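Single-structure report; data block below.
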Amino acid sequence: MKNKKHNQGIKLMAIVPVLILLIIASFKVFNTGPNSEFKHPEKFIKNIERHLTKNDAKTDIPKSNEAEPKTSTKPSSNLVSDRMPADLQTWDPAKAPNMYYVYGKSSFPCEIETDDVFYQKDDTGYTQFVYAKIGPKLMKKARSKRADISDEYPRGWPEKNQVITVQFPTGVNYKGWFWNRSHMLAHSLGGDDNVRNLTTGTRAQNVGDNKYGGGMQYTENLARQFMKFHKNAYILYSVENLYKNNSDIIPYASEVNIKSSDGSIDEKVFVYNVMPGYEIDYSSNGLFWPVQ
């Protein structure tokens, strides 16, 4: 009887360390938060990757107990030609006078926890896709002082920025910097103030004509206003950079998806990284010239 108890004690002692290791491992895998790198299981990452290959809008956001999104048979692509309708692949001032175009309903890869942010990098180490579920904690973070980003250098940032004068299709005149360090997820929505959350964007891409809330500011304003009047709600928000050519280092456009928890906001928006009256070499570090 004593030997039997002794053997059981030995077995128990052997199992305990294994259980401890499993608990620690699961904590590391699922530990997330407003500043996390989103170290989720491979299943979650596959859902993200599947989303990046989809061209059709999916209006329903899958819940955690629903089936995974269907896998697309189309090769993964972040090219404008694969991801945008043919009539929107080149900026048209008549269709998008303030640098954005609303195109249908939003689409997201899968459900995530409130106040989580996911930054997915491409092969070069720069962020290609940002996905967030903006809630009370991220909005609290958004009220913190914005960090100095003048020493942050997103891919394609020019050696020397230039001041230009331009008139927007909206009639607004602008004189100022051509290039901005444009947040993918705005600081005012809880985004980080560092290179992993920045894009080399024109002033027009960042805020439109600087007066009527265009460019990236269009969806940012929608999200801010909603969260201002719905303190315990949330906003699903994603930004993905799209390129004209595989060799480009500056995106030609961004696909922004936004959906509020009550469904009152539900949009897919294309934001153009252009400047009226100027041509841009997207394969270079910020080279541009006036249209002749």
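Each reported figure results from applying straightforward, stated rules to the coordinates on display, with no laboratory input. Since we're looking at a predicted model, the values are computed, not measured. With ideal geometry, Cβ positions are generated from the backbone for all residues, glycine too; neighbour counts draw on all protein chains shown.
A protection proxy built from the mean count of other Cβ atoms within 10 Å ranks the segments 153-165, 230-242, 200-212, most packed first, as 200-212, 230-242, 153-165. For segment 96-239, list log₁₀ I(q)/I(0) at each q in 0.09, 0.12, 0.18 Å⁻¹, using the Debye formula over Cα point scatterers of equal strength and ignoring solvent, two decimals each. Taking Cα atoms of segment 96-239 as identical point scatterers yields -0.29, -0.53, -1.16.
Residues of segment 162-206 falling in the label zone of Lys121, defined by backbone nitrogen less than 14 Å from a point 7 Å along Cα to beta-carbon, are 195-198. Applying a threshold of 23 Å to the alpha-carbon distances of Lys95/Lys211; Lys141/Lys268; Lys137/Lys259; Lys244/Lys268; Lys228/Lys268; Lys160/Lys268 flags Lys141/Lys268; Lys160/Lys268 as lying beyond it.
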